[in-house]
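Below is one structure, written out as structure tokens; comments come after it.
The values are calculated or read from the model by the stated rules, or taken from the named source; none is laboratory data. What you see is a predicted model, and the numbers here were worked out from it, not measured in a lab. Glycine gets a Cβ as well: all are built from the backbone with ideal geometry, and neighbour counts include every protein chain shown. For the accessible areas, the whole protein counts, side chains as well, though only heavy atoms, and no ligand, DNA or RNA atoms are used. Shrake-Rupley method; radii C 1.70, N 1.55, O 1.52, S 1.80 Å.
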Amino acid sequence: MSVKAATDRVDEANALELAIEVGDDEIEALIAPYIRRRFDADDPEWRKLVDDQERKWRRAYRKSRLRTFVGLPARGQGHVKKEYGRQWGGRTALDILSPKDGSSAVIWRNHGFLMDANGLKRIYLLFLMRLIEALKPVSVLEAGCGTGVNLFVLASRFPDIEFSGIELTAQGAAAVQTFQEESTLPEVLSSYSPLPPRDTSAFKRVHVQQASAAELPFQDGQVDLVFTCLALEQMKAVQDSALREIRRVARRAIVMTEPFADCNAESMRQHRIRAHAYFDAAVDDLPRFGLKPTYVRKDIPAKIAMGVAIVASETV
């Protein structure tokens, strides 16, 4: 590669980073409605909560090791399919976004929060929106779309883009179709969107099918942009296959919001990830799957028991 070509690529990467960057004030505004209580990191009540979580996940890890020792099968895609089939059954995007009685313990910038975890996903959506605005893809695929919340919000913001999704469970795919019977995008999703919708009927054009990320029903390079949002988290058993498939069908770019190993070195997080056999790839692992990271953001609010990074990659 010539010096000029190399310089141009660096300039493009810097421009992309500036285009999709989300500031701390924006993050605070996105999660503020979902916060139920705030703590300083040295608050005794917060420290007790963290210690309780540490004990909980240490016990879970020891239990998982015992299961392995006695010869019980590790958590595979069959387990995931059954578990999420129950979770998505009879529910739609409206149910997923309804206020929850419980709260998740979240940490950010040396502060703790008890909050509805749906607030965290608004951060991921804003990053995706900024990236879509910068890349201007014609087609976008979500691998592991659940009941379709992300796709409905994104399609309503970008009505000229073809959005599709795959979901492992029949119940999740059915929930998408049920929701699409709504005449217009409900206010719950309009207000949930980090940026205002442009077309409140565009969600009806989203196409979702039941499939595994390890065997995507798409041709090579068929989709401009592929993204995942805490979906690879559940795919440890097929982790390598899923990454290869995502690379295969993506023509230009991939965005993954996942519990990369880079964010989970602490013992509590290691215990949780190993106990549940969650995704554990590092950002530096991606090039061997044909993915070149161009943007990595690790310092975002996350549950104390599992950190998350947003990683945008180009195909190579």
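Using helices alone, what [θ] at 222 nm do you get for the chain, with -39,500 (n - 2.57) per DSSP H run of 4 or more residues, divided over all residues and rounded to the nearest 500? Walk me through the intermediate numbers first.
Values: 11 runs with 132 residues, N = 316.
Value at 222 nm, helices only: -13000 deg cm²/dmol.
Could you compute Rg(Cα) / (2.2 N^0.38 Å) for the range 168-246, with N its residue count? Show your work: numbers first, answer last.
Numbers: Rg = 14.9 Å, N = 79, 2.2 N^0.38 = 11.6 Å.
Relative to the 2.2 N^0.38 Å estimate, the range 168-246 comes out at 1.29.
For the range 46-116, what mean projected area does the convex hull of the alpha carbons give, in nm²? Walk me through the intermediate numbers first.
Working: hull surface 28.2 nm².
Seen from a random direction, the Cα hull of the range 46-116 projects 7.0 nm² on average.
Roll a 1.4 Å probe over the protein chains and send me the accessible area per residue for the chain in Å².
Working: 14760 Å² over 316 residues.
Per-residue accessible area for the chain comes out at 47 Å².
Which of the peptides 100-111, 212-223 is most tightly packed, and how do the rest follow, going by the mean number of other Cβ atoms within 10 Å of each residue? It would help to have the intermediate numbers written out before the result.
Numbers: 100-111: 13.9, 212-223: 16.6.
Ranking, from highest mean packing down: 212-223, 100-111.
Using Cα positions and a limit of under 30 Å, work out the lysines in reach of residue 298, with same-chain residues fewer than 8 apart set aside.
48, 56, 63, 81, 100, 121, 136, 236
Based on the Cα coordinates of the range 11-137, what is the per residue volume of their convex hull in Å³? Display every interim value, and only then the final one.
On the way: hull volume 25.2 nm³, N = 127.
Enclosed volume per residue, from the Cα hull, is 199 Å³.
At a 10 angstrom cut-off on C-beta neighbours, averaged per residue, how do the peptides 129-139, 229-239 rank from highest to lowest?
On the way: 129-139: 17.1, 229-239: 21.8.
Taking the mean over residues of other Cβ atoms within 10 Å, the ranking is 229-239, 129-139.
Could you pull the Rg and Dmax for the range 103-179, using just the Cα atoms, both in Å?
That works out to 14.7, 42 Å for Rg and Dmax.
With all protein chains present, how much of the accessible area of the range 272-316 (probe radius 1.4 Å) comes from carbon and sulfur, to the nearest whole percent? Before the final figure, lay out the partial values.
On the way: 740 of 1610 Å².
Taking all protein chains in place, the range 272-316 shows 46 percent carbon and sulfur surface.
Quantify, in whole percent, the carbon and sulfur part of the accessible surface of the range 68-225 (1.4 Å probe; protein heavy atoms only). Don't skip to the answer; put the middle values down first.
Details: 3560 of 6950 Å².
Carbon and sulfur: 51 percent of the exposed surface of the range 68-225.
When all C-alpha to C-alpha distances in the chain are sorted into bins of 10 Å, what percent of pairs does each bin hold, rounded to whole numbers?
With 10 Å bins starting at 0, P(r) equals 6, 25, 36, 25, 8, 1.
Using a Debye calculation, one point per C-alpha and no hydration shell, please list log10 I(q)/I(0) for the range 251-312 at q = 0.23, 0.28 Å⁻¹ in order.
Results for the range 251-312 at q = 0.23, 0.28 Å⁻¹ read -0.93, -1.21.
Taking the Cα atoms of the range 197-286, what is the range of coordinates along each of the three principal axes, in descending order and whole Å?
45, 30, 23
Just the projected area, averaged over all directions, of the convex hull on the alpha carbon atoms of the range 81-221: how many nm²? Numbers along the way, then the final one.
Details: hull surface 38.5 nm².
Taking a quarter of the hull surface, the average projection is 9.6 nm².
Select from the chain the helices, each a whole stretch of DSSP H, whose alpha-carbon atoms run 24 Å or more along the helix axis and whose Kyte-Doolittle mean is at least -1.0; answer none if there are none. Don't jump to the answer; show the numbers that get you there.
Numbers: long enough: 3-20 (26 Å, 0.16); 44-69 (37 Å, -1.94); 118-135 (26 Å, 0.93).
Qualifying helices: 3-20, 118-135.
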